[in-house]
Amino acid sequence: MATLSVKPGQRFTVPDWHINANLISTNAERQRSASHQIRQETRTLRNETNNQTQWDEHDNRTRLAERIDSVNRWKETLDKCLTDTDTEIDALAKMKEAAECALQAKNLPLDVAIECLTLRESRRAIDVVKDPVEDELHKEVEVIDGAKRDLQQKVSEAFEQLCLLQEARQQLNFDHRGKMEALEIDRVCSSLNVNSPNISFKVNPTRVPIGSTTPQQWDQFSQYNADRAEAEMKASTELREAIALTIAQTNNELEAQRVATEFALRKRIREFEKAYDELKWQEKNTLEEIAEMEEDIRRLEEDLRKKMWDLKLAHTRLETRTYRPNMELCRDQVQYGLTDEVHQLEGTIAALKQKLAQSQDALDALYKHLYRIQTDMSYKANSLMLENKCMDSRRKLTVPAEKFVPEVDTFNRTTNRTLSPLKSRQLELA
C-alpha cells in the first residue's frame, strides 16, 4: 500500500487561516490610515515651513537692506566728517605756516634793534647818554621778544591741535573702513539666494563672535567719533582765528614801536645836527678870535720891542749925559725929562708885558677851548654817523630785502687842520 508523504511542521487550522487574513487586512487598513494621517501632517508642515522660511528670508533680506541703509548713512556722515577734517587740517596747517613765517619775520627787526644798540655803544665821552632812543630800542627788543613768545605759543598749540585732528581723522578713517567692509559683506549677503553656488553648511554659524557689540554700542561708537571730530574742528577753527588775531596784533604792536623808535631816532639826529652846527659856529668864532688875538699879541710884541728901543735910547742919552764935564753936569730939564721918559717907558713896558702875558693866557685858553670844541665836534660827528647808520639799517624794516641798498655815508667828520707853529705850541701846552 502506498504511503502519503506529509510536510513536517506545524499545521494551522482554517479558523487560524481566516484570523490571519483578517489580521493582515486590519493591519493594512490601520497602517494606511496612519500613513494618510502622516501625509496630511507632512503637507501641512511643508506648507507652514515653506511659508515661514519665505517670510523669514524676506524679513532678513529686509533687515539686511535696512542695515545697509543705516551703515551707508553713517558712511556718508563719516565721509563728510573726513572731508571736513581734511579741509580743516589743511587750513590749520596753512595758518600754522603763516604763524611760523611771522615768527621767522621777527628775527630781522630783532637783529636790527640789537644792531642799533650795538652801534650806539660806539658813542664816546659825553655822548654816551641814556636817551629816549635807547629806551625805545630796549622797548622794541622787549616787544619783539613778547611777540615771538606769543607766536611760538600759537605754533605749539597749532601743532598739538593738528595732532588731535590727525588722531580724530585716523579714528574716523578706521570707522569708515569698518563701515565699507560691513557694507560689502552685507551687500554680498543680500545678493545670496538658494541658487548661489557658494553657499554651504558652516560649523556652528549661530555662535556669537568675540568682540561683538550691541546696536546701541555700534551707533554710540560712530556718534562719538563724529562728535569728537566736530569738537576738534571747532577747536581748530577757534585756534585759527586766535592765530590770525595774534599775528595781526604782534604786527601792529611791532609797527607802532618801530614808528616810535624811528621818531625818537630822527629827533635825536636833529638834536645832534643842531649841536654840531652850534659847535661849528663856535669853532668859527673861536678861530676868528684866536686870529685877532694872535694879531694883537704880534702888535703887542712889536710895540714892546719899540718901547725897548725907546728905553735903550733914553738910557743911552742919560748915560751919555753923565759924561758931561764939571759944571756942565747939570740936572737940567733934559735930565728930568729923560728920567721921566725912562720911568714912563719902564711903566709902559711893564704894562705891555703884563698885558702880553694876559693875552698869552687868553690865547692859551682859546686854544684849549678850541680843542675841546673840536673834540666835542668829533664826538658829535661820530654819534651822528652812528645814528645815521642806525636809520639806514632800519630801512631794511620797510624796504624789501631784494631792493635794499645801503645809503652812502655822506657826512664829513671834522678833519685835522694844519695849524701854525704857534697854534701847535699852544695845543701842546693845552
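The values are calculated or read from the model by the stated rules, or taken from the named source; none is laboratory data. Note that the structure is a prediction, hence the values are computed from the model and not measured. Positions of Cβ are backbone-derived with ideal geometry, glycine not excepted, and every protein chain shown enters the neighbour counts. Heads up: the accessible areas ignore ligands, DNA and RNA and are worked out on the full protein's heavy atoms, side chains in. Shrake-Rupley method; radii C 1.70, N 1.55, O 1.52, S 1.80 Å.
Structure notes:
- Only Cα pairs under 8 Å and 6+ residues apart enter the sum, and on that basis the relative contact order of the chain stands at 22 percent.
- Solvent-accessible area per residue, Å², over the chain with all protein chains present [probe radius 1.4 Å]: 68 Å²
- Cα gyration tensor shape for the range 1-118, rounded if a/c is under 1.5, else prolate or oblate: prolate
- The angle separating the long axis of helix 132-191 from the principal Cα axis of greatest extent in the chain is about 10 degrees.
- On Cα atoms only, tilt of 333-394 relative to the major axis of the chain in degrees: 10 degrees
- Entry note, the range 114-242: relative contact order of 43 percent, from Cα contacts under 8 Å with a spacing of 6+ residues.
- Net charge dipole, the chain: roughly 1680 debye, given to the nearest 20, about the Cα centre with Cβ charges of +1 for Lys and Arg and -1 for Asp and Glu.
- Cβ-derived FRET efficiency at R0 60 Å, W218 paired with T118, nearest 0.05: 0.35
- Taking the protein heavy atoms of the range 56-119 in the context of the full set of protein chains, the accessible area attributed to carbon and sulfur is 53 percent at 1.4 Å.
- Projecting the Cα atoms of V334, A28, Q354 onto the dipole axis of the chain, where Lys and Arg carry +1 and Asp and Glu carry -1 at the beta carbon, places A28 farthest toward the positive end.
- Among (i) -1.02; (ii) -1.26; (iii) -1.12, the entry that matches log10 I(q)/I(0) by the Debye sum over Cα atoms at q = 0.12 Å⁻¹ as calculated here: (iii)
- Dipole moment magnitude, nearest 20 debye, the range 1-152 about Cα centre, only Lys, Arg, Asp, Glu C-beta charged: 2340 debye
- Cα gyration tensor category, rounded, prolate or oblate, for the range 65-188 with a/c compared to 1.5: prolate
- With θ taken as phi - 60° and the Karplus curve 6.51 cos²θ - 1.76 cosθ + 1.60 applied, the whole-hertz 3J(HN,Hα) list for the range 233-247 is 5, 5, 4, 5, 4, 5, 5, 4, 5, 5, 5, 4, 5, 4, 4 Hz, x standing for glycine and proline.
- Of all accessible heavy-atom area on the range 184-273, the percent that carbon and sulfur account for (1.4 Å): 57 percent
- Relative to the longest principal axis of the Cα atoms of the chain, the long axis of helix 14-105 makes an angle of roughly 10 degrees.
- For the chain, C81, C101, C163, C189, C330 have no disulfide-compatible partner, since no other Cys C-beta lies under 4.7 Å from theirs.
- The chain: most fluctuating residue of G178, G337, G146 per GNM, C-alpha cutoff 10 Å: G337
- Inter-site label distance for N198 and S35 at 7 Å from Cα along Cβ, in nm: 4.6 nm
- Residue among R258, R270, R11 with the largest mean-square fluctuation in a Gaussian network model of the chain, springs linking Cα atoms under 10 Å: R11
- With contacts taken as Cα pairs under 8 Å at a separation of at least 6 residues, the range 52-172 carries a relative contact order of 44 percent.
- For the listed peptides 88-97, 372-381, 117-126, a ranking on the average number of other beta carbons within 10 Å per residue, highest first, reads 372-381, 88-97, 117-126.
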